[in-house]
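A.B. asks: Take a look at this one; I'll ask things after.
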Amino acid sequence: MPSLTLAEARTRAALLSDVSYDLELDLTDTGSFGSRVTVRFATTGPATFLELHGGQDVTVTVNGTPVEAAYDGSRIALTGLRTGPSEGNEVVVEARLPYVTDGAGMHTFTDPVDGERYVSAYVGIDITQRVFACFDQVDLKAPITLRVVADPAWTVLSNGPVAMTQADAWEFAPTPPIPIDLFVLCAGPWHSRTFDHGGLPMGWHARRSLADELDRDFDELRRITEQCFDHYTGLFDEPFPFDTYDQVFVPGLNWGAMENPGCVTYRDELLPRGRVADVDRRLRAVVIAHEMAHMWFGDLVSQTWWEDIWLSESFAEYMGFRVSEEAAGFGGAWVGFHLTHTPRALNADRRRSTHPVAPLPEDVPDVDTASTNFDAISYVKGASALRQLVTWLGDTDFLAGVNAHLTAHRFGNAGLDDLMDALDAASPRDVRAWAELWLRTSGHDTIRVEHDGEVPVLVREGCRPHRLLVTAYDDGLAEVDRRWVDLDREPVRLDGWAGRVVVPNAHGETFARVVLDDGTWSAVGEALGSLEDDLARSVLWCTALDAVAGRDLPLERFLRIVERQLPTERHLGIVAAVSDATLGPLLATRAPADRAAAVHELVAEACRAGLRTGGDPSTFTRALARASRDADELGRWLADGRTDHDVEVDAPLRWRVVQRLALLGVLDGADIERERRRDGTATGDLAAATALALRPTAAAKEEAWTRLDADDVSNRTFTATATGLWAAEHAELAAPYVRRYLEAAPRWAARGPAFSIVVGEAGKTFLLDDAQLGLLREALEGEVPTVLRRAWEDALDDRT
Ligand SMILES: [Zn+2]
């Protein structure tokens, strides 16, 4: 399949104008769906093309004349077009298209609880063409008028309000001009909670089998929505740009959420059963605020080409953390940012694949390359850069520039230069020089604390100016002082702080690696848990995680910090994130396979110590359930339905316990099947798939492989099964499958870029010894699709 190139997109955008779509989707047949689109446009050239992926029985009519042989399986050649200044063209394309289970296209899902069927068009970069024939590029924004034929008992949601319904048909009002990759359709027997906010119809929707969960959380979801909405409409001059604001928890979405104008989709794992942990509620609030920010950044004003995805994602990421804290009452949102996000961005900046936050368009030559850049650089580093920009520029000037930008390009497209024009006009500072260093240059700076005698001196390696808070502590990490520092080429002496423990960027205003001296590591090892300030603790944990990944801090020294300081940790997000990171990425990339069991044991002991000394029972128990190798302890919890510290074993916790017991060889296939039946939901099916693959036998691993290798395996089943197959504690059992994975993955990846990401992610999680790293290097010398190649190179770089 040809991947749209920058040159093609530029040529087509220069020719075309006044594009609009009249779209009819017929979902009544369960084998395939009907797609009929009328595309209207003006052009100054006689020829161009539409994209349509995988169409059957395709018919094309151009200005009333049927055209034979125009379709080659991925593109429809259009020739003989009218090019006069007042002449329009009308192309009608009818096709049958396949449903998918990989979250890229018309995704279909049958709920095991009640047998209900849900059909949703999940599009995104290069995917809309799997739903209807279109000019699949972001700078040909167009109004879409949608008609859907479906089961009359269903609810159908899309980017705007329903204008008219008939027995089995829904007609939506034309949208304002929207990016083609943000079209959405969600059809099925949704459980809906709707409300009105300031005259705008809003709603939260979930599968009918999740009605109790939606009802349980509805008040909070509505409150967050309304508070964020009011906050954004206060921050921005441009009013909310669309006519509805629906939010839907959907099955099988590949992303955390998708910012479709007027109708945001969220992966329905964000609506879990049981008790929603505070750390998950906070994360969900950040995602809600992130997606709403996109209504302005990305939807109202969109990038022209994919080099500028940071203009959507960095802004939404920054606003998500800022606004969930400022407006929605989730104090300490930035604590989570430093724990779960910043280490990923620093890591991404060490890989060969690193790139500037804002690359040049030529560095993103086609949409496959663009698909690889939805990464920690575009999201996290970009958000950090914006936080630094606000610190450096001041919020007033920043918002004045942003507002001028949004107004100037409303319902249009814009790039870095346009934003710089607006910020430049709003600020006396040299914003362009700042952007050159912060946005156009890849790699991270490093900030070190050195000493002139006893006096600490801050030194920057790199190229960027930093404005940051520096904090001084005594040896027990009690804060004694803090000061703002502008750090550039010249080192900065911190007079008055002789002999103090000094932590630069303890509140995270800037983005840089921080290298601490040995004395500071000693203080951290002794006293991190007693440091008062949650944010500073999160930054220090982040610094420690990054130091292990960057090989500044030996793994064993980090593990001693976990052993001593995790039990005294009182911030629930820190407990969860540190244990997850230790058992996840750090173990996969920095520990030899024969240490895996011992590292699990160490984390488990730290959690037990936390429970003994009065730590939050729920949080430490959940972390313990992921690490424990004590079959008696886990078996007791399963039998009693309560843990030793009286935490109720709800469905999510029960599955963690079942999975550990499966890994330890205590539960067999029949036990797991009993648990799956007892659960009866889609989440239970996936948890059981992981548990089955975790069983420590060669037969179980082979069974897991067969699941992965099935032609129609869903994206979620693939991930759930791979997670079990590659368990770090069974590296020797999984070893034969490394070669098989490397051989099969390019074939699996042929399903498309979105599934390639799923396949590639699976390759990042398993332990590789030297021989297997050799296999990976060898595989990279062959033909590997762009998106998969990127994942594999990243996996290699993280381990070497
Ligand atoms: Zn986003």
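A.B. asks: Checking the condition open to solvent by 40 Å² or more (accessible area, probe 1.4 Å), more than 16 Å from ALA700 (Cα to Cα), modelled with pLDDT of 95 or more and not aliphatic (A, V, I, L, M), which residue from GLU761, GLU743 passes?
C.D. replies: GLU743
A.B. asks: A further question on this structure: Any idea which residue in segment 253-275 is nearest to the ligand (Cβ to nearest atom), counting only those that are closer than 25 Å to VAL162 by Cβ, open to solvent by 10 Å² or more (accessible area, probe 1.4 Å) and outside any strand (DSSP E or B)?
C.D. replies: GLU259
A.B. asks: Could you go through segment 55-69 and let me know if any residue there is open to solvent by less than 40 Å² (accessible area, probe 1.4 Å) and under 29 Å from THR155 (Cβ atoms).
C.D. replies: For segment 55-69, residues open to solvent by less than 40 Å² (accessible area, probe 1.4 Å) and under 29 Å from THR155 (Cβ atoms): present.
A.B. asks: Still on this structure: Filter the helices (runs of 4 or more DSSP H) completely within segment 351-429 down to those with at least 2 residues that are within 16 Å of the ligand (Cβ to nearest atom) and at pLDDT 95 or above.
C.D. replies: 382-393
A.B. asks: Of everything in segment 679-689 that's under 18 Å from GLU213 (Cβ atoms) and part of a helix (DSSP H, G or I), which residue is most open to solvent (accessible area, probe 1.4 Å)?
C.D. replies: Among those residues, the one meeting the criterion is THR683.
A.B. asks: Give ARG636, ARG629 a once-over and let me know the one that is more than 24 Å from VAL279 (Cα to Cα) and in contact with a Leu (Cβ under 9 Å, 6 or more places away or on another chain).
C.D. replies: Exactly one of ARG636, ARG629 is more than 24 Å from VAL279 (Cα to Cα) and in contact with a Leu (Cβ under 9 Å, 6 or more places away or on another chain), namely ARG629.
A.B. asks: Being assigned to a strand (DSSP E or B), open to solvent by 30 Å² or more (accessible area, probe 1.4 Å) and either touching a His at 6+ places or on another chain (Cβ under 6 Å) or free of Cβ contacts under 8 Å to residues at least 60 places away in the same chain (or both), is that true of even one residue in segment 488-504?
C.D. replies: yes
A.B. asks: Then there's this: Evaluate segment 130-141: report whether one residue or more is assigned to a strand (DSSP E or B), open to solvent by 40 Å² or more (accessible area, probe 1.4 Å), hydrophobic (A, V, I, L, M, F, W, C) and touching a residue at least 24 places away in the same chain (Cβ under 8 Å).
C.D. replies: no
A.B. asks: Please pick out the residue among PRO152, PRO85 that is farther than 24 Å from GLN56 by Cα and at pLDDT below 95.
C.D. replies: After ruling out the rest, the residue left standing is PRO85.
A.B. asks: Let me ask something else. What helices (runs of 4 or more DSSP H), lying completely within segment 276-348, carry at least 3 residues that are out of contact with any strand residue (DSSP E or B) (no Cβ under 9 Å at 6 or more places or on another chain) and within 16 Å of the ligand (Cβ to nearest atom)?
C.D. replies: In segment 276-348, 278-294, 309-326 are the helices (runs of 4 or more DSSP H) which contain 3 or more residues that are out of contact with any strand residue (DSSP E or B) (no Cβ under 9 Å at 6 or more places or on another chain) and within 16 Å of the ligand (Cβ to nearest atom).
A.B. asks: Also, I was wondering about something else. Looking for something touching a Lys or Arg at 6+ places or on another chain (Cβ under 6 Å) and either of a type in the set (Lys, Arg) or in a helix (DSSP H, G or I) (or both) - is there at least one such residue anywhere in segment 639-647?
C.D. replies: no
A.B. asks: Go through (1) acidic (Asp, Glu); (2) within 23 Å of the chain's Cα centre (by Cα); (3) part of a strand (DSSP E or B) for GLU94 and report which single condition fails.
C.D. replies: Just one mismatch for GLU94, condition (2).
A.B. asks: If a residue must be of a type in the set (D, E, K, R) and free of Cβ contacts under 8 Å to residues at least 40 places away in the same chain, how many such residues does segment 42-79 contain?
C.D. replies: Matching residues across segment 42-79 total 3.
A.B. asks: When you scan segment 575-632 for helices (runs of 4 or more DSSP H) that lie fully inside it, which ones turn up with 3 or more residues that are at pLDDT 95 or above?
C.D. replies: 596-612, 617-627
A.B. asks: So, one more: Restricting to helices (runs of 4 or more DSSP H) lying wholly in segment 738-799: which have 2 or more residues that are among the hydrophobic types (A, V, I, L, M, F, W, C) and more than 20 Å from THR717 (Cα to Cα)?
C.D. replies: In segment 738-799, 770-781, 786-799 are the helices (runs of 4 or more DSSP H) which contain 2 or more residues that are among the hydrophobic types (A, V, I, L, M, F, W, C) and more than 20 Å from THR717 (Cα to Cα).
A.B. asks: Here's something else I'd like to know. Which of the residues belonging to segment 168-204 are part of a strand (DSSP E or B), among the charged types (D, E, K, R) and under 22 Å from THR145 (Cβ atoms)?
C.D. replies: Of everything in segment 168-204, just one residue is part of a strand (DSSP E or B), among the charged types (D, E, K, R) and under 22 Å from THR145 (Cβ atoms), namely GLU171.
A.B. asks: May I pose another question? Would you point out the residue of segment 235-275, among those that are among the aliphatic types (A, V, I, L, M) and touching a strand residue (DSSP E or B) at 6+ places or on another chain (Cβ under 7 Å), that is farthest from ALA754 (Cα to Cα)?
C.D. replies: Only one residue fits best here, namely LEU271.
A.B. asks: Please enumerate the residues belonging to segment 432-452 that are acidic (Asp, Glu), under 20 Å from HIS466 (Cα atoms) and open to solvent by 70 Å² or more (accessible area, probe 1.4 Å).
C.D. replies: Selection gives GLU436, GLU450.
A.B. asks: Further, regarding this structure: List pairs: first residue in segment 11-23 and among the basic types (Lys, Arg), second residue surrounded by 13 or more Cβ atoms within 10 Å (Cβ to Cβ) anywhere in the structure, Cβ distance under 6 angstrom, at least six positions apart or on different chains.
C.D. replies: Within 6 Å, the pairs are ARG12/THR48.
A.B. asks: Something else now. If only one of ARG464, ARG429, ARG410 is open to solvent by 50 Å² or more (accessible area, probe 1.4 Å), under 28 Å from LEU346 (Cβ atoms) and basic (Lys, Arg), which one is it?
C.D. replies: Matching residue, one of ARG464, ARG429, ARG410: ARG429.
A.B. asks: Does segment 473-487 hold any residues that are surrounded by 21 or more Cβ atoms within 10 Å (Cβ to Cβ) and either under 20 Å from LEU531 (Cβ atoms) or at pLDDT below 95 (or both), and which are they?
C.D. replies: If the condition is that a residue be surrounded by 21 or more Cβ atoms within 10 Å (Cβ to Cβ) and either under 20 Å from LEU531 (Cβ atoms) or at pLDDT below 95 (or both), then TYR473, LEU477 are the ones that fit.
A.B. asks: Taking ARG222 and the conditions (1) farther than 15 Å from GLU291 by Cα; (2) assigned to a helix (DSSP H, G or I), which numbered condition does it fall short on, given that it satisfies the others?
C.D. replies: (1)
The values are calculated or read from the model by the stated rules, or taken from the named source; none is laboratory data. Since we're looking at a predicted model, the values are computed, not measured. Glycine gets a Cβ as well: all are built from the backbone with ideal geometry, and neighbour counts include every protein chain shown. Side chains included, ligands, DNA and RNA excluded: accessible areas come from the protein's heavy atoms. Shrake-Rupley method; radii C 1.70, N 1.55, O 1.52, S 1.80 Å.
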